[in-house]
Structures are given as structure tokens and as C-alpha cells.
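The values are calculated or read from the model by the stated rules, or taken from the named source; none is laboratory data. Remember, it's a predicted structure, so these values are computed and weren't measured experimentally. Note that we place each Cβ from the backbone using ideal geometry, even for glycine, and neighbour counts take in every protein chain shown.
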Amino acid sequence: MSQQAFWLQQALAAELQPPSPPLQGEQQADVCIVGGGFTGLWTAILTQQAQPHWRIVVLEKDLCGSGASGRNGGCMLTWSTKYLSLCQLYGAEEAGRLVAASEQTVFDIDRFCRQHGIDAGIRLGGAVYAASSAAQAGTLDGVLAALDKVGSNRWQPLDAATTVALGGSAALQHGVFSPAAGSLQPALLVRGLLRVARAMGVRVYEHSAMTTLQEGEQVRVHTAQGCVQARQAVMALNAAMPRRFGQLADSVVLVSSDMVITEPVPALIQQLGLARGQAVCDLRTFVHYWRSTPDGRLMLGKGGNHIAWANRLHGYFDQASAYRGQLQAAIARFFPALAGVPLAQSWTGASDRSATGLPFFGVLPGYRRVFYGMGYSGNGVVQCHLGGQLLSSLLLGLDNAWTRSPLAQGPLAQFPPEPLRWPGAMLVRQAIRSVESAQDAGRQPAWLATRLAALASMAGKADR
């Protein structure tokens, strides 16, 4: 049985705005955006700000915030720890620009929310990355040294006591801290963006799933009860993209991220040192990530649990987590003081993990005036705002750093096709689990498992 994730339940309970109706009949528009999550709404808002007289329509198949945008962990993380990968893929100049842009965007999102009265629970408490086993120590040394070399390193090394104090767990060591990060309630942000977009004149229709997409002299987007005819369109469907558009089927792998959240225990959260809202990640491939909420809960998640055959967005991704017990055990391991605290809910969501670990954008293959963005790889709270800037620039026909970026050239790498992709991904996943289990126990991992696990490095860490 499907369920609304915890964040969306909270957001809807606090909401005062009237519901967005489903699309009925035919609408004329300058731009039609399919997908009412972070990417679609940021694109709509930024485009409407630049062209106030444009008619912009957003179609959402369910409720805005019901997908990945409203069910992720809410950690505001940047591309700074991916600097070496960015350099390899895009060159040093573009890598530096993207790191700086992602760090600035943390503060831009906060400023936008304050300007428009969006209470998304934002706390700019920074981010802590730390080792949760001896084998993880030194994981970030190379990238931080490279950032130091170009004068762009905002990360500060932490001594043992400060690592524990900021990370909230005595299981952590060798930590680093950046102030350019934080956390928020993601569904409150999505619903706030919905309110702002509607106030600007964007027409948003929920419960309006796209049935067909056609392109002739104009783009026609059909739903069960209506149609939008537009000059241009954007597909911002996140994990639904690869199954909907077979041209992109091998560009991503759908991987679950599973989360649990405790009942409120503000006194314990304060004692753990997590009350400032910092985002915390360990340094394994399938990371543990956690943060507190303003009302004193602990949210903990872990990526890389379920992998979808042929990228089918089936019911698993819309249910309580099958890994609730393992996540509860992780809370007990990292935070013994919270071991007896009841869980309020568990949930899961689909992450469209690209072969590079970075998103990609461009003109949808086979079309001329339909753009798309996808592949955030579990690190989209901040990056979707950057994606909105890029897609808006494409819609506006601008010649700027975003439209010239290699990010706008589509996927730079592919996964093997099915039936090879799923068994290969499962083999690598099991190898990663074997290696990390051995490392957690202080044992030497098996040689073959180590070699197979290394294949995941091309897609980077399972960031939040």
C-alpha cells in the first residue's frame, strides 16, 4: 500500500493554500513544464521572473512534493566534494564554477525563502563528513587538497572531539566541516515554491499526468482530461524519465534511498549536539546520512538498498521502507542514547543515479523544443535550483555559462543495457556491502569484493 512520506504529511497538514485542480480542456502556453518537484518549480519560477508576460503551465501527476523532491532527507549539500570528478569530466575552470555556484545556491535558497515567506525549516548549520570506520579515514584528502590548491576549499578539518561534537556520534572520526550547507524540510519547500509560482501567475495543475507528448509546429502535452499546446516544454520527471523516454533508458539506474525518523526528543537532540541542523554523512559508498529537525527529531537514511530492474518505478519506492529494522539498528549504533526512542515513520524514494554521479540536461532526443533534466544521483536539494537556472536559460534562449556548460550536453556516460545492467548493479551492490561490513568489523575485505566495489567509484558517493 502506497503512503505519503512523512515530510509531505507534515506539509499538507500545515497548508492553507487552495488545492491545484487537474487540467481540464485545452490550454495555450509559452512553456509547459511536466513535473511539479524542485526542478520543475524552480524552472517555472526563474523563467516567469525573467519573462513575466509568458504563460507558463506546470503539470504534476500527483501532488507537488509527492515524488523525490518531497521525500528526500533534506540535506543541503554541494558539489565541493565532487571537485575532482567535475575536473575530470568538465575541466578545471567549469569545475570551479560549479562548486562555487553550488555553495552560493545554499544561501540563495535561504534568501529566496525568507523573501517569499516560505517556512521550510531551513537551518544553515553546515555539513560534517566523517569516517565511521578506520578504512574510511582519508577518503576526502585528495579532493580537499585539490580545492586548497585553487583556493576554493571551505572545508575545515576537525579534531576528534569536535568531530564527535558536530557529528553527534562517538562512532565518527576524522571529520571535516563546511559552513556552506545545512538542512530543510523538503516538502515544505516544494509546497512553498508551489504557492510562490501560483502567485507569480504560473498555472499549476495537480493530478494531471502526461499521457502523450507530440511535437509539430508546437509542442502538445496531453493528459487524461486536457491538453497544453506550448511553444516549448520541459520534462522534469526525475526517476520516471528513463521508462517514459527509452532514449534515456541506459543513462541512469534507479536506486532506493531509505529513511526513518524518530518521535520528537528535543532534549536528547540538544545533548547530542545536533540541534543546529547540520547535515552529517559518513564516508562509505552507500552513505549513512542524518540530521535533526526543528521539533527535535532525528532523521537517518541510507542509500543503495533497492535497485530497480529495467528502471521500473514500481510500488517499492512508494511504501514504508523494507530496511526499517536495519536503519533502526544504525540509529542504535551511532546514537545509543536514541536506541529506545520510537520511530514515527519509515519511507523510501527512488534516486536516478547517473553513470557519472552528476545530473545532465539538454534537448530531449528526437525533439527540437523539449528540454529535460535528470540524474541528480541523490544529491538534488541544492542542485535542482542549479538545474532550474540551466533549464530556464535554455527556455529563454540565452548564451550564458549554463547553456554553454557540458552539463547541458546530455549524459556523458551510459550504463550497460538490460539484461546486463540489473545483475551487474546487484553484483556491485553486494560487493560494496561485503567490503563495508568487513571494514565496520575491522577485517580485511575479500580481494574480489574490493575490486567489484571499486566499480561504483565512477558514479561517486551516494550523496544526500
Pairs needed: first member in the range 427-448, hydroxyl-bearing (Ser, Thr, Tyr); second member anywhere, part of a helix (DSSP H, G or I); C-beta distance under 6 Å; at least 6 residues apart or different chains.
Ser434/Ala449
Just the residues that are among the hydroxyl-bearing types (Ser, Thr, Tyr) and under 14 Å from Thr293 (Cα atoms), please, taken from the range 175-200.
Ser183
Give the residues of the range 33-77 that are touching a Gly at 6+ places or on another chain (Cβ under 6 Å), in a helix (DSSP H, G or I) and among the β-branched types (Val, Ile, Thr), sorted by residue number.
Thr39, Thr43
Taking into account only those residues within the range 412-432 that are in contact with a helix residue (DSSP H, G or I) (Cβ under 8 Å, 6 or more places away or on another chain) and of a type in the set (Gly, Ala, Ser), which is surrounded by the fewest Cβ atoms within 10 Å (Cβ to Cβ)?
Ala413
Within the range 385-411, tally of residues that are in contact (Cβ under 8 Å) with a residue 40 or more places away in the chain and out of contact with any helix residue (DSSP H, G or I) (no Cβ under 9 Å at 6 or more places or on another chain):
1
Neighbours by Cβ (under 6 Å, 6+ apart or cross-chain): first from the range 126-139, on the phi < 0 side of the Ramachandran plot; second at pLDDT below 95 and of a type outside the set (Lys, Arg):
Ser133/Gln439; Ser133/Asp440; Ala135/Gln439
Output for Cβ contacts, cut-off 6 Å, separation at least six or different chains, first residue touching a residue at least 60 places away in the same chain (Cβ under 8 Å) and closer than 12 Å to Gln247 by Cβ in the range 350-379, second surrounded by 20 or more Cβ atoms within 10 Å (Cβ to Cβ) and of a type in the set (Ser, Thr, Tyr), reads Leu364/Tyr372
Residue, surrounded by the most Cβ atoms within 10 Å (Cβ to Cβ), within the range 307-335, restricted to residues that are more than 21 Å from Ala171 (Cα to Cα) and charged (D, E, K, R)
Asp318
Scanning the range 269-304 for residues that are without any contact (Cβ under 8 Å) to a residue 40 or more places away in the chain and in a loop (DSSP other than H, G, I, E, B), the one farthest from Gln136 (Cα to Cα) turns out to be Asp295
crowded, with 20+ Cβ neighbours inside 10 Å and either part of a helix (DSSP H, G or I) or in the same structural domain as Leu77 (by TED's automatic domain parsing) (or both), is that true of Leu358?
yes
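Residue-wise test of (1) under 22 Å from the mean Cα position of the chain (by Cα); (2) in the same structural domain as Ala5 (by TED's automatic domain parsing); (3) part of a strand (DSSP E or B); (4) over 29 Å from Ala95 (Cβ atoms).
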residue	(1), (2), (3), (4)
Tyr129	yes, yes, yes, no
Ala135	no, yes, no, no
Val143	yes, yes, no, no
Leu147	no, yes, no, no
Arg154	yes, yes, no, no
Val164	no, yes, no, yes
Ala171	no, yes, no, yes
Gly175	no, yes, yes, no
Go through the range 223-273 and give me each residue that's more than 26 Å from Pro294 (Cβ to Cβ) and of a type in the set (Gly, Ala, Ser).
Ala224, Gly226, Ala230, Ala233, Ala236, Ala239, Ala240, Gly246, Ala249, Ser251, Ser256
Evaluate the following for Gly375: is it in contact with a Pro (Cβ under 6 Å, 6 or more places away or on another chain), modelled with pLDDT of 95 or more and buried (at least 17 other Cβ atoms within 10 Å of the Cβ)?
yes
Which strands (runs of 3 or more DSSP E) does the range 216-268 wholly contain that include 2 or more residues that are within 19 Å of the chain's Cα centre (by Cα)?
226-235, 252-262
Search the range 47-69 for residues that are assigned by TED's automatic domain parsing to the domain that holds Thr223 and crowded, with 24+ Cβ neighbours inside 10 Å and pair each with any residue that is at pLDDT below 95 and not in a helix (DSSP H, G or I) when their beta-carbon atoms are under 6 Å apart and the residues are at least 6 apart or on different chains.
Ala68/Gly349
Picking from Ala187, Ala199, which residue would you name as being surrounded by fewer than 19 Cβ atoms within 10 Å (Cβ to Cβ), of a type outside the set (Phe, Trp, Tyr) and assigned to a helix (DSSP H, G or I)?
Ala199
